[in-house]
Each structure stands twice: as C-alpha cells, then as structure tokens.
1. Considering only residues that are of a type in the set (Gly, Ala, Ser) and either under 17 Å from ALA692 (Cα atoms) or in a loop (DSSP other than H, G, I, E, B) (or both), which ones fall in the range 607-646?
2. Can you confirm whether the range 377-394 contains a residue that is open to solvent by less than 10 Å² (accessible area, probe 1.4 Å), out of contact with any helix residue (DSSP H, G or I) (no Cβ under 6 Å at 6 or more places or on another chain) and more than 16 Å from ligand 2 (Cβ to nearest atom)?
3. Return only the number of the condition from (1) over 19 Å from the mean Cα position of the chain (by Cα); (2) within 22 Å of ASN310 (Cα to Cα); (3) open to solvent by less than 20 Å² (accessible area, probe 1.4 Å) that LEU437 does not satisfy.
4. Name the residues in the range 772-784 that are closer than 17 Å to GLY265 by Cα and open to solvent by 20 Å² or more (accessible area, probe 1.4 Å), would you?
5. Looking for whichever is within 16 Å of ligand 2 (Cβ to nearest atom) and either under 23 Å from the mean Cα position of the chain (by Cα) or over 22 Å from GLN811 (Cα atoms) (or both) here; the options are LYS270, LYS226. Which one fits?
6. Give the residues of the range 298-316 that are in a helix (DSSP H, G or I) and away from ligand 2 (no atom under 11 Å from the Cβ), sorted by residue number.
7. Inside the range 558-605, can you point out the residues that are open to solvent by less than 30 Å² (accessible area, probe 1.4 Å) and among the basic types (Lys, Arg)?
8. Go through the range 763-821 and tell me which helices (runs of 4 or more DSSP H), entirely inside it, have 1 or more residues that are closer than 19 Å to THR836 by Cα.
Amino acid sequence: MRDAAPQTIYLKDYKPFGWIIDDVHLTFRLHPTATRVISRIRFRPDYEVHHRPFFLHGEDLKHVSIKVDGHDVDPTYVDGGIEVDVPEAPFNWEAEVEINPQDNTALEGLYMSNGMYCTQCEAEGFRKITWYPDRPDVMAQFTVRIESTAEHTPVMLSNGNGLYYSQDSTQPEGPNVSIYQDPWPKPAYLFALVAGDLIAHQDTFTTMSGNEVDLAIWVRPGDEDKCAFGMEALKKSMKWDEDVYGREYDLDEFNIVAVDDFNMGAMENKGLNVFNSSCVLASPETSTDANFERIEAIIAHEYFHNWTGNRITCRDWFQLCLKEGLTVYRDQQFTADMRSAPVARISNVLALRGRQFPEDQGPLSHPVRPESFQEINNFYTSTVYEKGAEVIGMLHTLVGQEEYAKALDLYFDRHDGDAATIEDWLKVFEDSTGRDLTQFKRWYSQPGTPRVEVREDYEGDTFTLHLRQSTAPTPDQDTKAPQVIPVNVGLLNPNGDEVMETQTLELTEEEQTFAFPGHATRPVPSILRGFSAPVILNHDIDNDRRAFLLAHDTDPFNRWEAGRMLARDSLLNAIIDGNDPNPAYLDGLKSVLRDNSLDPAYRALMLGQPTQSELAGLLHEAGHTPDPEAIHTASEALRDAKAAAFADLLPDLYTANQTPGPFSPEADPAGKRALANAALALISRTDGGRQAADQYASANNMSQQLAALSCLLDAGAGDTQLAAFEKQWAHDRLVMDKWFSLQIMQAQPQDVVATTQKLTQHPDFDMKNPNRFRAVMGVLSLHHAGFHDKSGAAYALLADWLIRLDPLNPQTTARMCSAFQTWKRYDSDRQALIRTQLDRILSQKNLSKDTTEMVTRIRGT
Ligand code: TRP
Ligand code: ZN
C-alpha cells in the first residue's frame, strides 16, 4: 500500500475504538529477514460506542493469514491498515504476518541492532509488528511467546514477568523459547521484545511493601563493566519514587536493555525499558560527568514513567504532555534531590531557553497540548517535554507542596489503569484543592513565550511592582489571553540583606500592581526567583543593579541570572556597538569565582556565557539582524577578556579543584572538575595549550581527557592527541561519537564544512546509526558561526545528508530539520540560501510524511 497524501489528525475528532480487548497472545518466530508474528486476540464490542467498520492498523506487514472465530477472512486494505467483517459479538482474532527486522532502518517496530532484535513501539510502531488497534486508549493484557529457530539468541525478553524459558541442553547454541506475561493492561506502544546474545548486570530491590524485584541491565558482551552506575541510579529512582510520591514498583522483574541504534534517548516499555546505549552505559574511562548526570536522569525518567505513563497512560497522543511533562518534572525533582538543586534548576532553564524558547518563537511553535498533527513523532518536542514540565512546576508553586502531594495521591487513586486526559489531570487538582483552573488551562492551549514587563515605584514607605504580560502572535494563533503566571519575588535592602522572603505573586490580568508597604528605605526586588514561570522577563535595570544582585541575591537562580544579564549586556553591546567587555561583569564574576563558599558546580555555571545562537535570538528580538560572524567574534573576545582579567585567579582555581584519587561521578567532584575544566579552557587561550596537554597526558577519566582535548583543539594544538584519541578508542562507538563531534565543535567557523565533510568520509561514519549521524550532522547545525557561514555551504551539506537519511530513517531526519527553524532571524541572503535548501528537500520524490510535515511548517508560506 502506498501512503495517501499526509492527513491531519485533530484532537477534536477523538472517538473511542468501539471494541474492548481482554487479552492478547503473541508468538514471535524470530528470523532476521522473515520473522513470523502470530496474534491471538479476544475482541468484544464496546456497546456504548459502536463503530463500524472494524479497522486495525498495520504497516509494512506481509499478510499470511487472518481468521475470525476460526474462519479465514480476507481483509480490505485501507490507508494505514485493514478493515475486516466481524460479528457484532465477542470473537476470536487470529492473524499471522511476516516482517523483516533486518531491513528496518527506521528503527520503529521490530528491528535489528548489532545482531540484537529489539523493538520501539512508541508512538505508532506496534502497527509494524502486527494488525492491531495501535492507539493508547486500547489497553490489554499481553502474553508473549518468543521462539528462536534460525540462530543463537540465548536471551529473549518481553514485558512483565518471565514465565518460562527453555533451551535444548544437548544444543546449547541452538533454538530456544521464552514466555513472558504482563499482568498489567497496557497500550501497544508499551510493548517490547528484545532477543540476542546479551549479558546481565543483576541486582535486587526490595520495595516498601517487601516485594523483592530482580533488576537487570542487559548489554552486549564487552559492555558489562559499564552497568554499575546505571544500576545504582535505578535503585535510587525506585527508592525516591516510594519516598517522595509513595509509588511502588509492581512486577517481579525490571529489565533495562542497552541498544546501539536508537532514535531517541530511551523508552519506558512496561518492565522492559530499552535505552540508547549512550543513555545507560557508563564508566569513568569512557563517560564524562555530563554523561553520568544525564544517564542518572534518564534512568529515573523512564522508571518514573511506570506510574506516570504506564499505570496512568494517555487517552490519545494529543495528551502526550500528561505523561511527558509530569515525568520530566519528576526527573527534575529527583536530580535536584540527588545533586545540587540550584545547579539543576539553572541547567533546566538553560535547556529550556536553548531549545524550547526558539521553538516557541518560531514557525514550529505549538501548544503544550497540540490540537493537530500529521506525524506524532514530530511532537516529541521541547515544548511538550520541557515546557510541559514547567507547567507542572507552576501548578506546584501555586498550590504549595502539601496540596500538590494531596492532588497527586488523588490522581493515582482516581486514574490508576486509565488512559487519561489533561482535563482529567486538572480536574483532580480542582477537586482536591478547590481552585478554579480554567484560566491556568491556557498554558496547555496557548503557544508562545509570554513576556512580563516590570516597572517599579517607591512612594512613602510603599514599594510597588507593576507587572504587565503579553504574548506575541504564533503561527496558528494571533491573539493571546492573559495567563496565570506565578512570579516569585523577594526584596533586599541596599545592604544586600533580605527584607522580604520569597512570595508568589499571581499575575492573572494583563496588567497588575502589587504593593509592599513598610519599607523605610527603597528595597531592591529580586523577581522571578527560581525561574518560577517559563516567561521572558523584561525589567529595565542598570548594570549596577545587576552587579548588586550578582553579589547579594539570596536566591541562587537569580544570582546566577544577574550574572547572565551582565554577560548578555556585555556581548550585545560588543556586537551592536563594538564596545569592550563590561567591567562590571568581569569584576562581579571575579568576586563570585573567588568565593570558595560557593559550590564549584555553581561557579562553573557562572563562568559560562550565552551561546551564539541565544545571542542571535536576542538580537532578533531587539530588532537587529544577527550577524553570525560578529556574534562569534564578540563571544571569543569575551572569553579572551576573561582569560586576561582572571589571569591571576585561574591557576589557583585550577589546582584547588583537582580531584585526585579514584574517580567518583558524584555531584561534588563532578562540580570541581567542571570548574577546573572551565578554568583550563581560559588558561588555554593564553598558554598555547600547555596545561591542557599535561592534563591530557595524565587524565584517567573521560571528563578530563575530553576537556583537555577540547582545549587543545581550541588552541589549535591538538593534532597529536586527536590521533592518539582515535587510536585509543577506535573500538568504542560511544567514545568515537565524542571524537567526531569535538572536531566539528572546535573547528574555526570557516573550517566547519570541510571538517564535517572529511568526517563523513571516515570509515566509521555510519549514517544508519542515529548517534553517529547526530554526532556529525547535529553538531554541524549547532556550530552557529560555521552553520551560518555566508556561503551557504553548511546549509547545503546538511540538506544533502537529510535527503540521504530520509528514506532510511524518517524520524531522525525530521527531528534534525529543526536546525532550520530559526531561519527567519537572519539576513535576506541567508534566508534565500536556506529557502533553497528547504525547497530542495521538499522536492524529493517519496519524501517521508515526517520530514514533509517538518519542512513545510518551517518553511511556512
Ligand atoms: N517515551 C520516551 C520518553 O520520553 C520517548 C521515546 C523514546 C520516543 N523512543 C521514542 C518517542 C520513539 C517517539 C519515538 O521517555
Ligand atoms: Zn518520557
């Protein structure tokens, strides 16, 4: 069947399936190119909603047989599936299909990765496995029998609990069978199967009610020494969800599998989480501190889905943020508890501003709960995930911890086993807190980043804040209604003492005034503490005020933010007016760096500066056309200025933050390494890379090895080490991804295209592996000055490769098209160059619906 023209699906058109499934029995006869899948399903009519005809999804399935109540039937092929004549009464379905996992380069459904069988079914991959109502509101109990006949697959896993395993003992290298049963009804997107030659790193966890759970992380032989950290993270997550949310694990086993070829980070399949190996495998020698942190967060995220996603799932894919926003929020809370809360918050805001703000302010802007889509894979976005998490965080701030905990208990009580909606979620909060959330709900339907403008007044002893909110029009929505914006505010006196602790102001009108009487001297406000809402704050304060807050704010987020504002101001003035770096910024930062009472990780964040892409966004917002070359020059100049201004401080900062002895991935030593490496990056700008070469030679962990190599390349002095690194790590795909990325990241803008091109010719450049493709093409698009080189060569190079990847892997291709989403910021020459590439992509024959939708939306009309 050929796909018809892409169809748009609307939230308002939701209709239930019309049939109920009691249980599903699946048999898999594994074969690399001809796997047989036999499904036995008991259907009964849902008499409350009767729909004809009977439709099941199915894609790329080779029909073998279909029987209804034992009789052969011929299906009618329709777009995306089949229609079948069935009785208006309960009936037994039995179907057999053949599928080809070996040729499945899209990595959806059943596919092979390095000789291992694995599945990815979210969102709509199960329909590539067998005929089924592949929609999240159809939940059923699954029993799965896996038979391997053609080859040696000693480990064969599915969801739930293992019931049976057999292998002919006379032929230990031969065929085997395993059976799994999942007692919890689930939608098909949570189905998983894994089979191959795998090794387990095992442990156990005893739940709060005393159930012992067998835990295992399954990896390919050779990776078994990279599982210990992930296992600890899993146990911490299980404990945390019991302690903080009262949620216990509900099966006898919990399995994680590491897979090399994976479109996303990881997947929460019931009892059988499948992970991109980059998001679970960790060792000091091969993983950076950032990797360790990310792995801990993703393991927690997928584990937390067991309650927020699996036990309570989504009615339809428009409700994606119901599980993703909440689960991201939960993993952020977990990271804040396990590590430093301020550092975690700042990192989340950096990610939000870096990814979600550009999305929300460009052609791809969409509500946290979208109202239409063509390809749901295109809506696993920063808006749904990260802004979705911010919305939960605002709700938490508005109702307070106690009410939040009560509401969550009610949510789990009331909706356990349901496929729920955002309306259900908000109703729980309304019923439990008595609050009317009608206006708050606009966060789910209104796209765009709200701006909050602040004016202050002081009269008599009353200090006043005037807040005014507005949101710019977005592609499908011109006018915006006021939203509920929790603005956390504290007040300091001119000595820097806090005279009013943090209060939550609720901005609900377009314009509102908040008065704070009883202040004998004019206080200094600290506004939007902890970044209490995902908004842009416009508060016209001078650099003295910023420097004051940088020195004194008791809110660690706003203290960091004050430094950030100074950095922005310094950079924008350099770009627009050619000004020298702002001394207030350099002086303020210097005091912060000197303050040894401050967490090194926090100081490392302070030392950072806005990315070039963020600066381009800010310039655009302020009505300037960003010039990527000028932005690059100013950013580099500010780094040089820091290297000079802190010259006396950096060597001490570097030595004081060394972490001798055995490597520990804990937050404290990781923070020290972050600060020492930030210092090294500045030192390397003046010492020609000498110190970095020493660190490279003596490094016993990847954090230090990679940071040193990065500094060396930046100093133009790392050729020897780059070659040595390649030789040392040629056998390790994940480390080689870093080797590929770093060369592009650290290339001079004018060399970026040539470097990228050269790397695509490297024998280890494998476009079918999403990690490797992203390590090269993703990083090309992240090198702001290189990607936006005025020749347009980088645009063309990226487009070439997206065109090449699309027939193999539409999902990853479509995601990477977002590299072009900010194109309207730039000058007309660059816009014309990009438009040419967008049109060239769109003109490809048989372009996937994923990529068609993305490029069409980005291009606009
Ligand atoms: N549900 C997954 C998560 O956020 C996301 C995911 C993993 C996914 N693989 C995918 C989404 C493939 C779409 C397609 O934890
Ligand atoms: Zn998730």
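The values are calculated or read from the model by the stated rules, or taken from the named source; none is laboratory data. Every value quoted in this text rests on a predicted model; they were computed, and no experiment measured them. Here the Cβ positions follow ideal geometry from the backbone for every residue, glycine too, while neighbour counts run over all protein chains shown. In case anyone asks, the SASA skips ligands and DNA or RNA and just uses the protein heavy atoms, side chains included. Shrake-Rupley method; radii C 1.70, N 1.55, O 1.52, S 1.80 Å.
1. Kept after step one, since they are of a type in the set (Gly, Ala, Ser), are these residues of the range 607-646: 608, 613, 616-617, 622-623, 630, 634-635, 637, 641, 643-645.
Those that are of a type in the set (Gly, Ala, Ser) and either under 17 Å from ALA692 (Cα atoms) or in a loop (DSSP other than H, G, I, E, B) (or both): GLY608, ALA622, GLY623, ALA643.
2. yes
3. The failed condition is (2).
4. Within the range 772-784, ARG774 is the sole residue that qualifies.
5. Values: LYS226 fails: within 16 Å of ligand 2 (Cβ to nearest atom).
Result of the check over LYS270, LYS226: LYS270.
6. The answer is ILE299, and nothing else.
7. Residues satisfying the conditions are ARG564, ARG603.
8. 779-782, 784-787, 793-805, 810-816
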